[in-house]
Amino acid sequence: QVQLVESGGGLVQPGESLRLSCAASGSIFRIYDMGWYRQAPGKQRELVATISSSGSTNYADSVKGRFTISRDNAKNTEYLQMNSLKPEDTAVYYCNAYATTRGTTMPIRDYWGQGTQVTVSS
């Protein structure tokens, strides 16, 4: 099993920055693609950014140029640096990862964290 735990959320004013972290733990054999999603009140969960095991990234148009996704494979951790935050960035941010586990022949599957709240006051 793989567990993902997000941290770094909080309350900030527009224009400020936050750095989210997502630490993976458990019987990890290998982590493949990782990403961040967010869900605002009354809205569906949406993609924020993804990063492959080789470092290839993809961003939603709404955050491109402001957010940066990165990962540290040795630490099984991914990050989301959020700059120039706007009130519309307010949401619960969820960590996502595709991984295989030790001691099993099961194929790759996705895992999700519990989420961390990001609030940008107007």
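The values are calculated or read from the model by the stated rules, or taken from the named source; none is laboratory data. Source: prediction; values computed, not measured. So basically every Cβ, Gly included, is an ideal-geometry build from the backbone, and we count neighbours across all protein chains shown. Just so you know, the surface numbers come from the protein's heavy atoms only, side chains and all, with ligands and any DNA or RNA stripped out. Shrake-Rupley method; radii C 1.70, N 1.55, O 1.52, S 1.80 Å.
Put +1 on the Cβ of every Lys and Arg and -1 on every Asp and Glu Cβ in the chain; which of 42, 101, 18 then has its Cα farthest towards the positive end of the dipole?
Positive-most Cα among the choices belongs to 101.
How many angstrom lie between the C-alpha centres of the stretch 50-122 and the stretch 4-25?
Taking the Cα centre of the stretch 4-25 as reference, the centre of the stretch 50-122 is 10 Å away.
Could you tell me which of 27, 9, 65 has its Cα farthest along the dipole of the chain towards the positive end, charges placed at Cβ (Lys, Arg +1; Asp, Glu -1), taken about the Cα centre?
Projecting each Cα onto the dipole axis, the largest value belongs to 27.
Along each of its three principal axes, how wide is the spread of alpha-carbon positions in the stretch 79-122, in whole angstrom units, largest first?
Here the Cα extents, ordered largest to smallest, are 49, 17, 12 Å.
Mind checking the per residue accessible area of the chain for me, 1.4 Å probe, whole number of Å²? Please list the in-between numbers first.
Values: 6740 Å² over 122 residues.
For the chain, the per-residue accessible area is 55 Å².
Please state the charge dipole magnitude for the chain, taken about the Cα centre, from unit charges on C-beta atoms (+1 on K and R, -1 on D and E), reported in debye and rounded to the nearest 20. Mind showing how you got there, number by number?
Working: 12 positive and 10 negative charges, 40 e Å.
Roughly 200 debye, rounded to the nearest 20.
Can you pull the semi-axes for the chain, root of five times each eigenvalue of the Cα gyration tensor, sorted largest first, whole Å?
On the way: eigenvalues 139, 37, 30 Å².
Semi-axes, largest first: 26, 14, 12 Å.
Which value, in debye to the nearest 20, gives the size of the charge dipole of the stretch 1-51 about its Cα centre, when Lys and Arg are +1 and Asp and Glu are -1 at the Cβ?
Numbers: 5 positive and 4 negative charges, 16 e Å.
With Lys and Arg at +1 and Asp and Glu at -1, about 80 debye.
What distance in nm lies between label points placed 7 Å from Cα along the C-beta direction at residue 58 and residue 117?
Reported label-point gap for residue 58 and residue 117 is 3.1 nm.
Would you list which lysines come within 16 Å of residue 86, measuring only between C-alpha atoms, while excluding same-chain residues fewer than 8 positions from it?
Excluding near neighbours in sequence, the set is 64.
Just grab the label-to-label distance for residue 66 and residue 44, each label 7 Å out from Cα along the Cβ direction, in nm (one decimal).
In this crude spin-label approximation the distance works out to 2.2 nm.
Using modelled amide H (1.01 Å from N, peptide plane; none on Pro or chain starts), what sits under 5 Å from the amide H of residue 53, excluding residues fewer than 5 places away?
Excluding prolines and chain starts, which carry no amide H, the hits are 33.
For the stretch 31-89, max minus min Cα coordinate along each principal axis, in Å, sorted largest first?
Sorted from largest, the Cα extents of the stretch 31-89 read 35, 22, 18 Å.
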